[in-house]
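Peer 1: Dropping a structure here in structure tokens format, bear with me for questions.
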Amino acid sequence: QVQLVESGGGLVQPGGSLRLSCVASGLFFSIRDMEWYRQAPGKERELVAGITRASSINILDSVKGRFTISRDNAKNTVYLQMNNLEPEDTAVYFCHVRAVEADTMVAKYYWGKGTLVTVSS
């Protein structure tokens with residue numbers, strides 16, 4: 001089992017910045033892909049950014065140039081630096097990782113519980 005704990009959400013004014021963190025813990029052999037999703041009220045969950053263990057990155061077009069994803073493999077942590085935030089970025093942000101379980105060596109996906117980001121003046 002893998003546990004994911006997100007932090008860093010909150011209330012910020014338009015144009016402001018936040019840095020989200022997600023730490024993975026538990027019994028796993030390795031963490032493969034690490035991703036951030038978001039879900040705004042009344043909308044479907046969408047992929048915001050993803051990063052492989054080799055640091056290959058994909059990112060949502062609407063946040064390119066404003067959001068940056070990074071990871072620290074030694075700390076089993078993924079970050080999402082969000083700059084120049086807009087009201088449309090308001091959502092619950094979820095961490096999503098693919099981890100290889102230590103006992104079965106099977107790769108599975110796990111979700112965090114989410115952290116709320118509210119962009120409002």
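Peer 1: Percent of accessible area on the chain owned by carbon and sulfur, 1.4 Å probe?
Peer 2: Working: 3230 of 6430 Å².
After summing per-atom areas, the C and S share lands at 50 percent.
Peer 1: Computed over the Cα atoms of the chain, what is the ratio Rg over Rh, Rh following Kirkwood? Kindly include the intermediate steps, with their values, before the conclusion.
Peer 2: Working: Rg = 14.2 Å, Rh = 14.4 Å.
Using only Cα positions, Rg/Rh for the chain is 0.98.
Peer 1: Would you mind calculating the relative contact order of the chain from Cα pairs under 8 angstrom and at least 6 residues apart, reporting the percent as a whole number? Intermediate results must be reported in sequence, preceding the final value.
Peer 2: On the way: 310 pairs, mean separation 44.0, N = 121.
Once divided by the residue count of the chain, the mean separation gives 36 percent.
Peer 1: Let me ask another. So which residue, out of Thr52, Thr104, Thr68, gets the largest mean-square fluctuation from a GNM of the chain using Cα contacts under 10 Å as springs?
Peer 2: Thr104
Peer 1: Next question, about the same structure. Just the C-alpha atoms of the range 35-79: what Rg/Rh do they give, with Rh taken as the Kirkwood radius? Intermediate results must be reported in sequence, preceding the final value.
Peer 2: Numbers: Rg = 11.6 Å, Rh = 11.4 Å.
In the range 35-79, Rg relative to Rh is 1.02.
Peer 1: Work out, step by step, the length gained on full extension between Gln13 and Ala74: first 0.36 nm times the residue separation, then minus their alpha carbon distance; give nm to one decimal. Don't skip to the answer; put the middle values down first.
Peer 2: Working: separation 61, 0.36 × 61 = 21.96 nm, distance 3.29 nm.
Computed gain between Gln13 and Ala74 is 18.7 nm.
Peer 1: At 1.4 Å probe radius, can you tell me the per residue accessible area of the range 1-90 in Å²? It would help to have the intermediate numbers written out before the result.
Peer 2: Details: 4860 Å² over 90 residues.
That works out to 54 Å² per residue.
Peer 1: Taking R0 as 30 Å, what FRET efficiency do you get between Ser56 and Leu116 from their Cβ-Cβ distance, rounded to the nearest 0.05? Let's see the in-between values first.
Peer 2: On the way: r = 29 Å, r/R0 = 0.96.
About 0.55, to the nearest 0.05.
Peer 1: While we're here: How far, in nm, would the chain grow between Gln3 and Lys108 when pulled straight, counting 0.36 nm per residue and subtracting the alpha carbon separation?
Peer 2: Values: separation 105, 0.36 × 105 = 37.80 nm, distance 1.22 nm.
My answer for the length gained is 36.6 nm.
Peer 1: Separation of the range 69-121 and the range 47-62 by C-alpha centroid, Å?
Peer 2: If we compute the Cα centre of each part, the gap is 11 Å.
The values are calculated or read from the model by the stated rules, or taken from the named source; none is laboratory data. Since we're looking at a predicted model, the values are computed, not measured. Using ideal geometry, Cβ is built from the backbone for each residue, glycine included, and neighbour counts are taken over all protein chains shown. For the accessible areas, the whole protein counts, side chains as well, though only heavy atoms, and no ligand, DNA or RNA atoms are used. Shrake-Rupley method; radii C 1.70, N 1.55, O 1.52, S 1.80 Å.
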